[in-house]
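Asks: Here's a structure for you.
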Amino acid sequence: MEKWELINSAIDEKAEALYALSDAIWDVPELAFTEENAAKLLSAKLEEEGFEVARNVAGIETAFTGTFGSGRPVIGILGEFDALSGLSQAANSPVKEALIPGANGHGCGHNLLGVGSLAAAIAVKKYLEETKVPGTVIYYGCPGEEGGAGKAFMAREGVFEGLDCALTWHPSHINSSAPHSSLANMQMKFTFDGIASHAAGAPENGRSALDAVTLMNTGVQFLREHTNMKDRIHYAVTDTGGVSPNVVQAHAEVIYLVRTPHLNTLFPLVERVKNIARGAALMTDTTMSFEVHKITADTVPNATLQKVLRRNMEQAGLPKFTEEDYAYAKAMSQSIQLRQKVLPTVVILDENLAEVVAAHQDDYLYDFLIPEFPYVVEGSGSTDVGDVSWNTPTAEINTATECAGTSMHTWQATAQGKGPIAHKSMLFAGKALAGGAIDLINDPSLIEAATKEWKRRLNGAVYQKLPPELKPRKAGKKQ
């Protein structure tokens, strides 16, 4: 049986079951390292399909793997399945309406991501069974991508060692195979402690932790003027010490997320932020403590693997949408106040792609494959896929599971996670990944070229594993 006949039959015959699995994960949105339902559903499906399943991988309750085959090459396919807080939303509704106000929601499409990658693994397994060629496929159930750095903890324990390469995808509003980078980041909590006092009767006796947080935040605002243009610093005040304004607040906390283009520039910038916190403590006569929550590496791009995946996106064929799908996309797109551009700004500067931008800028559904990029796109976000990419050559594609202009981490992204556009594009991603994996299994020279490029891009840099004392933090739980 020919490659695409095998892939299409393996995935299409299970389409309804895969849609139902993705929807079931959408229905129970779980935060970082609490994804018990999603992990149970996905690992059970792997066992049903004949994979050898390992649970509690790297000591993480919701991390698992599913392995099939023998010998080299060993191809990893990465799956995610965690949700985001505060993004509860009625499915397929173009109007903001939370199912449960303040509750979780799949605002980054990870219900689709985990199942689309599973579809790819199923198809590769069928190919290995039918052809009897040597090779191994491993599905990685990776928890806690959203703020948890699950793959970084898995990488620390050597989970990705022995892979020849790793493939993955992510829901998007475009179909793209561009080689891209991402920002390294560190999330940390700063805690200030002072002395409570009556704010009017004895203000001189008080030492305000809330003042310290305010001064720290102000200091970081000035720091932003003196950092590299692509650095990002975000914060959230998580504890102001109370709700009584006539009390000098003796305790306050703020969480910071610091991002830089490279892992080796992350730590110096974090140290500058820490110095500002130390200064705020000195100014307020309070004490400051510092706790790292997670560290995520930047993504090492691999154009060799991206070309393999692009070829398979072209061969798989884009999803076929109905008039109802286009009408739905239009309704959803019109609910978005600030629509994303069809292509990143950096690409618009490329004359060869400007025509594509102009032709599709007003579309409600980007139902085409973005032209091949002649360079690496430097992303402004972060992902723990970066930690995998420091350990093995890695590539990621995007497929248009959402209407034009949708931004991730929004109620619109949650709303579209169960629709027909999302379902069809999820299986499209699975087929493209499967095709790429099979090509790599059949042509070792592709893996050799990808590995050569990977080593060149690392240029001798060594992956900095998470410190052993750092533990995965279950979202929503004080630790």
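We did not get these values from a lab; they are worked out from the coordinates using the rules stated. None of these values were measured; they are calculated from a predicted model. Note that we place each Cβ from the backbone using ideal geometry, even for glycine, and neighbour counts take in every protein chain shown.
Asks: What are the ³J(HN,Hα) couplings of segment 299-316, residue after residue, when phi is run through the Karplus curve with 6.51, -1.76, 1.60 and θ = phi - 60°? Round to Hz, x for glycine and proline.
Replies: Those phi angles translate into 8, 8, x, 9, 5, 4, 5, 4, 5, 4, 5, 4, 4, 6, 5, 5, 6, 5 Hz.
Asks: What are the ³J(HN,Hα) values, in whole Hz, obtained from phi via the Karplus relation 6.51 cos²θ - 1.76 cosθ + 1.60 with θ = phi - 60°, for each residue of segment 232-246 in sequence order, with x given for Gly and Pro?
Replies: Once rounded to whole Hz, the list reads 9, 10, 10, 8, 9, 7, 9, 8, 9, x, x, 10, 9, x, 8.
Asks: For a Förster distance of 25 Å, can you work out the FRET efficiency between the beta-carbons of residue 27 and residue 322, rounded to the nearest 0.05?
Replies: 0.55
Asks: What distance in nm separates the two pseudo spin-label positions at residue 458 and residue 16, each 7 Å out from Cα along the beta-carbon direction?
Replies: In this crude spin-label approximation the distance works out to 4.7 nm.
Asks: Which is the longest stretch in the chain that no exposed loop site breaks, taking sites as GluC sites (Glu not before Pro) with a DSSP loop state and at most 12 other Cβ atoms within 10 Å?
Replies: Longest run free of exposed loop sites: 162-468.
Asks: A further question on this structure: Just flag the trypsin sites (Lys or Arg not before Pro) in segment 262-330 sitting in loop per DSSP whose Cβ has no more than 16 other Cβ atoms within 10 Å.
Replies: Here the sparse-neighbourhood loop sites are 320.
Asks: At a Förster radius of 60 Å, what calculated FRET efficiency corresponds to the Cβ-Cβ distance of residue 204 and residue 99, to the nearest 0.05?
Replies: Plugging the Cβ-Cβ distance into 1/(1 + (r/R0)^6) gives 0.75.
Asks: Which angle between 0 and 90 degrees, to the nearest 10, do you get for helix 36-48 versus the longest principal axis of the chain when only C-alpha atoms count?
Replies: So the inclination is approximately 20 degrees.
Asks: Test of understanding: what is the full-extension gain from residue 54 to residue 314, defined as 0.36 nm times their sequence separation minus their Cα-Cα distance?
Replies: 90.2 nm
Asks: Still on this model: Can you put 287, 414 in order of Cβ neighbours within 10 angstrom, beginning with the fewest?
Replies: 287, 414
Asks: Cα centroid distance between segment 2-67 and segment 355-431, in Å?
Replies: Cα centroid of segment 2-67 versus Cα centroid of segment 355-431: 21 Å apart.
Asks: When DSSP assigns beta bridges and you keep just the ones with both residues in the chain, what percent turn out antiparallel, to the nearest 5?
Replies: 70
Asks: Given the -39500 (n - 2.57) contribution per DSSP H run of 4+ residues, what per-residue ellipticity at 222 nm results for the chain, rounded to the nearest 500 deg cm²/dmol?
Replies: -12500 deg cm²/dmol
Asks: Please report, in Å, the Rg and the Dmax of segment 184-296, where both are computed over Cα atoms only.
Replies: Reported Rg and Dmax, both Å: 14.9, 51.
Asks: Further question on the same structure: What angle, in degrees between 0 and 90 and rounded to the nearest 10, separates the Cα long axis of helix 263-284 from the longest principal axis of the Cα atoms of the chain?
Replies: So the inclination is approximately 20 degrees.
Asks: Nearest 10 degrees, 0 to 90: what angle lies between the long axis of helix 444-458 and the longest principal axis of the chain (Cα atoms)?
Replies: 20
Asks: Pairs of alpha-carbon atoms within less than 8 angstrom and 6+ residues apart define the contacts here; what relative contact order does segment 184-296 have, in percent?
Replies: RCO, segment 184-296: 46 percent.
Asks: Moving to a separate point now. Name the residues of segment 277-301 whose amide N is less than 16 Å from a point 7 angstrom out from the Cα of residue 469 along the C-beta direction?
Replies: Residues passing the 16 Å test: 288-295.
Asks: Quick one, can you get me the convex hull of the C-alpha atoms of segment 57-102 expressed as volume per residue in Å³?
Replies: Normalising the Cα hull of segment 57-102 by residue number yields 137 Å³.
Asks: Further question on the same structure: Based on the Kirkwood radius over alpha-carbon pairs, what is the Stokes-Einstein translational diffusion coefficient of the chain at 20 °C with 1.002 mPa s viscosity, in µm²/s?
Replies: Rounded, D is 92 µm²/s.
Asks: As a quick test, which of the pairs 132/455; 96/125; 45/151; 189/452 have an alpha carbon distance above 29 angstrom in this structure?
Replies: Correct reply: 132/455; 96/125; 189/452.
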